[in-house]
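Right, one structure below, let's go through it.
The values are calculated or read from the model by the stated rules, or taken from the named source; none is laboratory data. Predicted, not measured: the structure shown is a model, and the values here were computed from it. Glycine gets a Cβ as well: all are built from the backbone with ideal geometry, and neighbour counts include every protein chain shown. Please note that ligands, DNA and RNA were not included when accessible areas were found on the heavy atoms of the full protein model with its side chains. Shrake-Rupley method; radii C 1.70, N 1.55, O 1.52, S 1.80 Å.
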Amino acid sequence: MFISIIYIVLISFLFNFLLYLWYKFYLSPKMIEAIGMIRKYEDRLSSITSNKRRNKVMRAVSTEVQTYTNKLRNYMFFQSFTVIIVYMVGLILVLNYITPPYALFPYASILTPPVDGKPEINNLFIYILSFLLFTPLSLRRPKVL
């Protein structure tokens, strides 16, 4: 009965942990590099005191800054998109291969319809809650000061 709940929570934890590892070792270094380059160009612009020279340098480096900003946006989009894809794969696994657990108390039929006279807990509900519990693990962003 509780084994299926444990399986659902383990599936969502495993998928979020795999996403975290993928982020930590693949995306994070690329994002930190892009942030570092943007910061380098901003520091270069802030060190210039003359407005005329600052505008000239700003025009010269604006394409590079825009390139690195777009790279950073693409990495963040790719990370969010991957979370959605992995969520859908886990949802298919949970809904198709794990039998729903029965509730211990009879008033659970208010939340979910009874099956064969027994109140059944919805796998979808458990999966959504468990995935939301572990989502902060998989949607991390670099903390570069």
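Does ILE92 qualify as being loosely packed, with under 15 Cβ neighbours inside 10 Å and either outside any helix (DSSP H, G or I) or within 13 Å of the chain's Cα centre (by Cα) (or both)? When the stated conditions are applied, ILE92 does not pass them.
Restricting attention to the stretch 6-46 and to residues that are open to solvent by less than 40 Å² (accessible area, probe 1.4 Å) and touching a Pro at 6+ places or on another chain (Cβ under 8 Å), the residue that is nearest to TYR127 (Cα to Cα) turns out to be SER28. Can ILE38 be described as outside any helix (DSSP H, G or I) and of a type in the set (A, V, I, L, M)? No; evaluated as a whole, the condition is false for this residue.
Which residue, of PHE81, PHE134, PHE77, is at pLDDT 70 or above and closer than 30 Å to SER46 by Cβ?
Values: PHE81 fails: closer than 30 Å to SER46 by Cβ; PHE134 fails: closer than 30 Å to SER46 by Cβ.
Being at pLDDT 70 or above and closer than 30 Å to SER46 by Cβ holds for just one of PHE81, PHE134, PHE77, which is PHE77.
Just wondering, is there one or more residues in the stretch 100-117 that are modelled with pLDDT of 70 or more and surrounded by 16 or more Cβ atoms within 10 Å (Cβ to Cβ)? Checking the stretch 100-117: not a single residue is modelled with pLDDT of 70 or more and surrounded by 16 or more Cβ atoms within 10 Å (Cβ to Cβ).
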